[in-house]
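Quick notes on the structure that follows.
The values are calculated or read from the model by the stated rules, or taken from the named source; none is laboratory data. What you are looking at is a predicted structure, and each value in this text was computed from that prediction instead of being measured. Heads up, the Cβs are rebuilt from the backbone with ideal geometry, glycines too, and the neighbour counts pull from every protein chain shown. Side chains are part of the model used for accessible areas, which takes the heavy atoms of the whole protein and leaves out ligands, DNA and RNA. Shrake-Rupley method; radii C 1.70, N 1.55, O 1.52, S 1.80 Å.
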Amino acid sequence: YQSRTWIIHNTMLSSSPYYPLWSFAPFGPLAVAYTFAQHAWIAFHQRILGRTVPPLGNSDQAPLSIAPSSTRELDGKIAIVTGSNTGIGFETAKALVVDHGMTVILACRSRDKAELAAKQINDANGKSGGKAIFLHPLDLSSFQSVRHFSAQVKEYCQKQQQQGTAAASSIQVLVNNAGRNTSGPSNEKYNQDQPLDLLYQSNMLGHYLLTAELLPIMAPGARIVNLSSVMHHFCGGSHDNLESVDFWRNCALHGRAPHDPYSPSKLAALLFSIELNRRFGGGKELKQKQQPTPRIRSIAVNPGAVNSDIWRDFPRFIVLLFNLVYINNQQGCQTSVAAAVSDAVDDDDKAIYLQPYPVVWNPQQPAFPAYEMLAPFAGPLVTRPRLPTQDEGARAAAAFWQASQEITGAQWQSE
């Protein structure tokens, strides 16, 4: 397996920055071996030498802090987290409420599950002035549902403004967290007869439209967090097809994608952040020139291999195996929370992607995928993602944006 993995690695890097989807499986044994080696290193020092050591990695790479003392002032401000009734989304919403005092709108399909999650979060809240609330169901596989939900959020913010609650009259954080890993035809149609892919629509197109709908009521300097994955390394294809509008349009149509749409949906999360920043963002350079506060900042995150509810449809023995090697939901939410609250990313324009594992490679290069598949938890680390190398993903991001706008009919405010 290891020799085959290196053959794949060297072959793919000679022609394309991406690995084919079929190569994911051969990386698995190497990732497991690497993970057990890291755990053995930590256990040896703890049990034999009696001292605590971090995982092996680049000592210059420090994780971003999500402690309230080292983050932005967020008390009473609004956050929205999709898919927040369970798993990583629940823990993300809980952290923003309990640790950062935010008012978090739980954006979920099920009213009953969302209201229960809001109660659990609010019951766990101590001295924080934050709270979790539910306004309206959100089904990301329905563009109509996305627009209805967005209208309810706008109405809520308008009421807060009329009541003089300035902090809660605009959105400070949007976490596009919800996702699925099984495909099928959506009820939504393109050109009236071609069903969209349920997975790609739920993971990406629904969030694309949601972000467009909510952008007009986002606060200056708001954060938009998009959930990516290690699977963005396995998008396959060449530079040409990733930079083609047709490629991204086919990914959105059920049965038309060149391969499973999950990997493209996770690369799309990265490209979405890149294009959002180009169109509506800004960073350190604007601050140094004393320009107005940037409109938004978008960051993509890999939560890690998390034993979350996304695996709920898998056989029980596989879920039990995941318990042994995967990180938990509390750890898995930390890249999202850091992207939402950390001050440090404002001073690093290159902080476009966070992941939770030790950086044992050159941080100026994308990770060897096995190192980003499994490992001991190291905290949210700024990491270079795998992007088309010619232009840092700019043309691919523009192609993704054009296809998504065409399919969703999203109307974006002036850039």
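Where the centroid of each part is defined by its Cα atoms, how far is the range 166-220 from the range 337-390 in Å?
The range 166-220 and the range 337-390 have Cα centres spaced 24 Å from each other.
Extent of the range 37-147 along each principal axis, from alpha carbon coordinates, in Å, largest to smallest?
For the range 37-147, the Cα spread along each principal axis is 57, 32, 27 Å.
Restricting to Cα atoms and excluding each atom paired with itself, what does the Kirkwood estimate give for the range 114-201 in Å?
Result for the range 114-201, one decimal place: 15.7 Å.
Can you send over the carbon and sulfur percentage of the accessible area for the range 183-250, probe radius 1.4 Å, protein chains only?
43 percent
What are the residues whose amide H is under 5 Å from the amide H of residue 302, where those residues sit 5 or more places off or on another chain and H is modelled from the backbone?
228, 354, 355
First select every other residue whose beta carbon is under 13 angstrom from the beta carbon of residue 67; then total the charges, Lys and Arg +1, Asp and Glu -1.
Cβ neighbours under 13 Å give a net charge of -1.
Summing +1 for each Lys or Arg and -1 for each Asp or Glu, what net charge is found among the other residues whose Cβ lies under 13 Å from the Cβ of residue 392?
Taking every Cβ under 13 Å from that of residue 392, the sum is +1.
Place the peptides 109-121, 159-171 in order of packing, highest mean first, counting for every residue the other Cβ atoms within 10 Å and averaging per peptide.
Descending packing order for the listed peptides: 109-121, 159-171.
From the phi of every residue in the range 74-81, what ³J(HN,Hα) in whole Hz does the Karplus formula 6.51 cos²θ - 1.76 cosθ + 1.60 yield, where θ is phi - 60° and glycine or proline is x?
Ordered by residue, 3J(HN,Hα) equals 10, 3, x, 7, 8, 10, 10, 10 Hz.
Using the Cβ atoms and a cut-off under 14 Å, what net charge is assigned to the surroundings of residue 111, where Lys and Arg are +1 and Asp and Glu are -1?
It works out to a net charge of 0.
Tell me, what is the Rg over Rh of the range 308-415, with Rh the Kirkwood radius over Cα pairs?
In the range 308-415, Rg relative to Rh is 1.03.
What fraction, in whole percent, of alpha-carbon pairs in the chain exceed 40 Å separation?
Across the chain, Cα pairs with separations above 40 Å total 12 percent.
Using only helices, what value at 222 nm comes out for the chain when you add -39,500 (n - 2.57) per DSSP H run of length 4 or more and divide by the total residues, to the nearest 500 deg cm²/dmol?
Dividing the helical sum by the residues of the chain leaves -12000 deg cm²/dmol.
Which whole-Hz ³J(HN,Hα) couplings does the range 341-356 yield from phi under the Karplus relation 6.51 cos²θ - 1.76 cosθ + 1.60, θ = phi - 60°, glycine and proline marked x?
10, 5, 5, 4, 5, 5, 9, 9, 5, 8, 7, 10, 8, 10, 9, x
Whose amide H sits under 5 Å from the amide H of residue 125, counting only residues 5 or more places off or on another chain, with H placed in the peptide plane?
Placed amide hydrogens put nothing under 5 Å from residue 125.
Rounded to the nearest percent, how much of the accessible area of the range 71-129 (1.4 Å probe, protein heavy atoms only) is carbon and sulfur?
Solvent-exposed carbon and sulfur of the range 71-129 make up 44 percent of the total.
Going 7 Å from the Cα of residue 155 toward and past its Cβ, which residues in the range 98-127 have a backbone nitrogen under 17 Å from where you end up?
Zone members listed by number: 105-108, 111.
In debye, nearest 20, what is the charge dipole magnitude of the range 332-395 about its Cα centre with +1 on Lys and Arg Cβ and -1 on Asp and Glu Cβ, if you could check?
320 debye
Accessible area per residue for the chain in Å², computed with a 1.4 Å probe and the full protein assembly in place, what is it?
43 Å²
Starting from the eigenvalues of the Cα gyration tensor, five times each then square-rooted, give me the equivalent ellipsoid semi-axes of the range 376-415, largest first, whole Å.
For the range 376-415, the semi-axes come out at 29, 16, 10 Å.
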